[in-house]
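Written below as structure tokens is the structure these notes are about.
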């Protein structure tokens with residue numbers, strides 16, 4: 001998790017550096033268009049699956065290359081103009097690739113966070129490492145079992161253990177012993 005944090009942080013710093021470099025290098029009339037496209041691509045890459053976002057990145061790169069070829073051929077760009085557009089296109093493609101990588105890492109962290117939250121919810125139902133249920137979870141399951149037994153006209157026994165009179169260390173030892181005896185039988 002900590003490793004992912006540093007990866008994402010470094011990608012965001014790189015993303016910001018490339019963005020400002022691209023805006024600085026491009027003409028200001030193109031900088032506004034680039035910024036609008038940049039925001040749209042960020043949102044799209046966050047909403048789409050990784051494979052779809054990558055295909056969109058590749059299609060966008062190829063489409064823009066052919067568009068620039070067409071523009072260069074149509075307006076007979078000089079070598080200097082061609083180099084300006086090649087550098088600008090490289091910076092834009094690098095920007096969008098960095099956006100793809102950072103959104104991929106962000107989605108990965110979000111997914112990992114959801115899994116860990118679910119595990120914490122499950123672990124909160126138990127007391128320590130003894131795998132004993134908390135009182136609230138025990139009562140919830142007890143009510144569920146009693147309802148099921150009543151529906152099937154079954155009888156059952158609920159056993160309560162009161163460990164309040166024991167000291168803290170003795171209580172843990174007794175709880176572990178009772179839990180192991182109940183699991184064995």
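Values quoted throughout were computed directly from the atomic coordinates according to the rules given, and no laboratory measurement underlies them. What you are looking at is a predicted structure, and each value in this text was computed from that prediction instead of being measured. Cβ coordinates were reconstructed from backbone atoms using ideal geometry, including for glycine residues, and neighbour counts include every protein chain displayed.
Once you have the Cα-Cα distance between residue 68 and residue 165, take 0.36 nm times their residue separation minus that, and quote the gain in nm to one decimal.
Numbers: separation 97, 0.36 × 97 = 34.92 nm, distance 8.19 nm.
Contour length minus Cα-Cα distance gives 26.7 nm.
Could you give the length gained by full extension between residue 5 and residue 17, i.e. 0.36 nm per residue of separation minus their alpha carbon distance, to one decimal place? Walk me through the numbers before you get to the answer.
Values: separation 12, 0.36 × 12 = 4.32 nm, distance 1.83 nm.
Extra length from residue 5 to residue 17 when fully extended: 2.5 nm.
Give me the Debye-computed log₁₀ of I(q)/I(0) at q = 0.13, 0.15, 0.16 Å⁻¹ for segment 46-185, equal point scatterers on Cα only, no solvent, two decimals.
-0.80, -0.93, -0.98
Relative to the first principal axis of the alpha-carbon coordinates of the chain, what is the inclination of helix 135-151, with its axis defined by its Cα atoms, in degrees from 0 to 90 and to the nearest 10?
70 degrees
How long is the gain from residue 94 to residue 75 if the chain were fully straight, where each residue apart is worth 0.36 nm and the alpha carbon distance is subtracted? Write down the numbers at each step before the final one.
Working: separation 19, 0.36 × 19 = 6.84 nm, distance 2.59 nm.
Difference between extended and current length: 4.2 nm.
Report the Stokes-Einstein translational diffusion coefficient (µm² s⁻¹, integer) for segment 2-122, Rh taken as the Kirkwood radius over Cα pairs, at 4 °C with viscosity 1.567 mPa s. The partial results should precede the final answer.
On the way: Rh = 16.0 Å.
Calculated translational D: 81 µm²/s.
Could you work out which residue, out of 107, 51, 171, moves most in a Gaussian network model of the chain, that is, has the largest mean-square fluctuation with Cα springs under 10 Å?
Among 107, 51, 171, the largest GNM mean-square fluctuation belongs to 171.
Using 7 Å Cα-to-Cβ label points, what is the residue 104/residue 155 separation (nm, one decimal)?
Output for this residue pair reads 6.5 nm.
By per-residue mean of other Cβ atoms within 10 Å, what is the highest-first order of 109-115, 6-12?
6-12, 109-115
What distance in nm lies between label points placed 7 Å from Cα along the C-beta direction at residue 121 and residue 87?
Going from the residue 121 label point to the residue 87 one covers 5.3 nm.
Running Debye on segment 126-184 with equal point scatterers at the Cα sites and no solvent, what base-10 log of I(q)/I(0) appears at q = 0.28, 0.29 Å⁻¹?
Those come out to -1.23, -1.26, one per q.
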